[in-house]
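Down below is the structure, laid out as structure tokens.
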Amino acid sequence: MRFRDHRVVGDILELATRYRDAGADELVFYDITASPDGRTVDRSWVTRIARILDIPFCVAGGIRSVAEAEAVLAAGAEKISVNSPALNDPELVSRLSERFGAQCVVVGIDSQTVVRDGETRFEVYQYTGDPDRTRSTARSTLDWVREVQERGAGEIVLNCMASDGVRQGYDLAQLEAVRAVCRVPLIASGGAGAPEHFRDVFARAHVDGALAASVFHLGTIEIGELKRWLRSQGIEVRP
Amino acid sequence: MTDVVVIENGGGNVSSVRYALGRLGVEAELTHDADRIRRATHVILPGVGAARDAMQRLAAHGLDRVIPTLTQPVLGICLGMQLLFESSAEGDTPCLGILPGRAERFAEAPGRPVPHMGWNQLEPVRASPLLDGLAPGDYAYFVHSYALPVSVHTIATCTYGAPFTAIVGRGNFHGAQFHPERSARSGTKLLANFLALPA
């Protein structure tokens, strides 16, 4: 399982400062073990992050109610991201959007290509933070993308699981298919390993943003250099 | 000495605005007290949410009448900027009427979802001390569904489909449609420039 053995990546504030200074446009903080453990995201660090960051940030992990979302937003996060809890309770997306506005509500989707009844399609996975509990929901990814938009999601982060952590490039075919049904901002996740992967996902899948973790954490790619290179390739990015 | 207050108006970005001021070495007080607001050297009106709710909350503390009489520098941020104008199409809401104009909803179009959300470029259209250290094309972080058309009071524009007012100023009243507290260097500059305006 590529989701096994999550790396421990240093002090969160130090990392946030490093990415802020490097020119990241937005940071997403995932507490990926929150949903499988049935606990909510520990919020003591959200305020500390909000004090030092001068860019928007999103908090994901175990947010299952309007009250939990409110606490995270009040602590200074711009957005909250829901994944497994939205699958258990799709109405949660509607409630969050009505209360805070679509701009606050990100839906994260873990998806992969499966062959079911001889048909190849994309399916949504759940509890991907815990290798032993990760399972397909048998939901069609494209249908779920349509539904969460109807319910008021303001942004979708599509994590293509087969690509995630292997750094062989984003899943362009899947992202293109989702792009075709996604009218809100779409963020690609999973697979970034080289600058060319970022260029390709913007140029070919027409995503609004590209999310990456390991290549930045490990220092394989430097954000400032990446952005300069992307501009040289004709991709519009903030310097 | 600079004495900054942030008007408490139920908006979600109040903490972020105060943290941004903190990074500039300013401890801003959060208040909806009219006398306290009048005494401040600089007043910030933040705002995230719906125009009608925000106006009702201001009116509940009599601030809909107080804010237009202020003579020190005032900065409205995002919805706070829109409230400085005559009205908003959001709930067809009468606003503070300090600046002429009406906030209108963006027209949704393919590839241009509403809300407008993300980093976009500023284009200065006239000189202002608020623009010190900012250059054409600098990026700022926007999150909004309604916007003000460009007018003679516009200091900088941004384009989402059509140009709209990104920074505005008339006399002591100023506004930023984007979120300076989350706009990295550009936002920090704008806030610092605002704090440097003479009281």
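Where a number appears in this text, it was derived from the coordinates with a stated rule and is not lab data. If you're wondering where the values come from, they're calculated on a predicted model, not measured in any experiment. When we count neighbours, we look across all protein chains shown, and the Cβ atoms used for this are built from the backbone with ideal geometry, even at glycine.
The trypsin sites (Lys or Arg not before Pro) of segment B:126-199 that DSSP puts in a loop, and whose beta carbon has at most 15 other beta carbons within 10 Å, are B:Arg126.
By the helix-only formula, in which each DSSP H run with n ≥ 4 contributes -39500 (n - 2.57) and the sum is divided by residues, chain A has a 222 nm mean residue ellipticity of -10000 deg cm²/dmol.
Only one residue of A:Phe57, A:Gly101, A:Ala71 has its Cα farthest out toward the positive end of the dipole of chain A, where Lys and Arg carry +1 and Asp and Glu -1 on Cβ, and that residue is A:Phe57.
Just for chain A, what percent of DSSP beta bridges are antiparallel, to the closest 5?
Values: 10 of 33 bridges.
Just about 30 percent of them are antiparallel.
Taking a point 7 Å out from the Cα of A:Ala22 in the direction of its Cβ, the residues of segment A:200-221 whose backbone N falls within less than 18 Å of it are A:209-221. Based on the reciprocal of the average 1/r between different C-alpha atoms, the Kirkwood radius for the protein assembly as shown equals 22.4 Å. Scanning residues 5 or more positions from B:Gly101 or on other chains, those with amide H under 5 Å from its amide H are B:Glu86, B:Ser87, with H placed 1.01 Å from N in the peptide plane.
With a cut-off of 14 Å, note down the residues of segment B:152-188 whose backbone N falls inside the zone around a label point 7 Å from the Cα of B:Ala196 toward its beta carbon. Inside the label zone: B:186-188.
For the pair B:Val152 and B:Arg105, a Förster radius of 25 Å applied to the C-beta separation gives a FRET efficiency near 0.65, rounded to the nearest 0.05. Over chain B, DSSP H runs of length four or greater, each weighted -39,500 (n - 2.57), average out per residue to a 222 nm ellipticity of -6500 deg cm²/dmol. Given their separation in residues at 0.36 nm each and the Cα-Cα distance between them, A:Glu150 and A:Asp117 gain 9.1 nm when the chain is fully extended. Note on chain B: GNM, Cα springs under 10 Å; of B:Ala28, B:Ala156, B:Ala59, the largest mean-square fluctuation is that of B:Ala59.
Could you grab the relative contact order for segment B:4-195? Cα pairs under 8 Å, six or more apart, rounded to a whole percent. Display every interim value, and only then the final one.
Numbers: 431 pairs, mean separation 36.6, N = 192.
Over segment B:4-195, the number comes to 19 percent.
Relative contact order of segment A:12-232, taken over Cα pairs closer than 8 Å and 6 or more residues apart, is 14 percent.
A simple spin-label model places the labels of A:Thr220 and B:Glu123 4.0 nm from each other, with each point 7 Å out along Cα-to-Cβ. Mean projected area of the convex hull spanned by the Cα atoms of chain B, taken over all viewing directions: 9.7 nm².
At q = 0.09 Å⁻¹ the log10 of I(q)/I(0) for chain A amounts to -0.35, computed by Debye summation with a single uniform scatterer per C-alpha, solvent ignored. Magnitude of the charge dipole for chain A, about its Cα centre and with charges confined to Cβ atoms of Lys, Arg (+1) and Asp, Glu (-1), is about 200 debye.
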